[in-house]
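The values are calculated or read from the model by the stated rules, or taken from the named source; none is laboratory data. Just so you know, these numbers come straight off a predicted model, no measurement behind them. Ideal geometry is used to build each Cβ from the backbone, glycine not excepted, and the neighbour counts take in all protein chains shown.
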Amino acid sequence: MSRRFSLSSRQQQVLNLFDQGLGRSGVAKQLGISESTVRTLVVKIKEGLRVPEGGDIALMLQRARTAGLLPHRPSRPKAGPPHNNRKA
């Protein structure tokens, strides 16, 4: 992303709560605001991060990480074949 996007403190709170796994109703309850207000804040965050219309929360969070607005999470190791501890 070429332009730097900054969030209001409320937008950052919303982004952090979504990153913690809360849904829209959980974010609204946590912040004491309506779900409609959360929806409006999400629209503004998505616009600033250039998330396409209809883009989901996961894409918003990914873009926020890329923009440095959220910490990067370590990758989870991929599950490999089970280890065989028996000796032949």
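Quick notes on this structure:
- Count of residues meeting criterion [in a helix (DSSP H, G or I), of a type in the set (A, V, I, L, M) and farther than 17 Å from Leu70 by Cα] in region 19-35: 2
- Taking the criterion of being loosely packed, with under 14 Cβ neighbours inside 10 Å and among the small types (Gly, Ala, Ser), the residues of region 1-49 that qualify are Ser2, Ser6, Ser8, Ser9, Gly21, Gly23, Ser25, Gly32, Ser34, Ser36.
- Pairs where the first residue, in region 11-33, is closer than 18 Å to Lys46 by Cβ and touching a residue at least 40 places away in the same chain (Cβ under 8 Å) and the second is assigned to a helix (DSSP H, G or I) and among the charged types (D, E, K, R), C-beta under 9 Å, 6+ apart: Phe18/Arg24; Asp19/Arg65
- Any hit, region 2-16, residues being modelled with pLDDT of 90 or more, assigned to a helix (DSSP H, G or I) and touching a Phe, Trp or Tyr at 6+ places or on another chain (Cβ under 7 Å): no
- Among the residues listed as Ala58, Ala64, the single one being under 15 Å from the mean Cα position of the chain (by Cα), surrounded by fewer than 19 Cβ atoms within 10 Å (Cβ to Cβ), small (Gly, Ala, Ser) and part of a helix (DSSP H, G or I): Ala58
- Test set (1) within 11 Å of the chain's Cα centre (by Cα); (2) at pLDDT below 95; (3) not polar (S, T, N, Q) - Gly23 fails condition number: (2)
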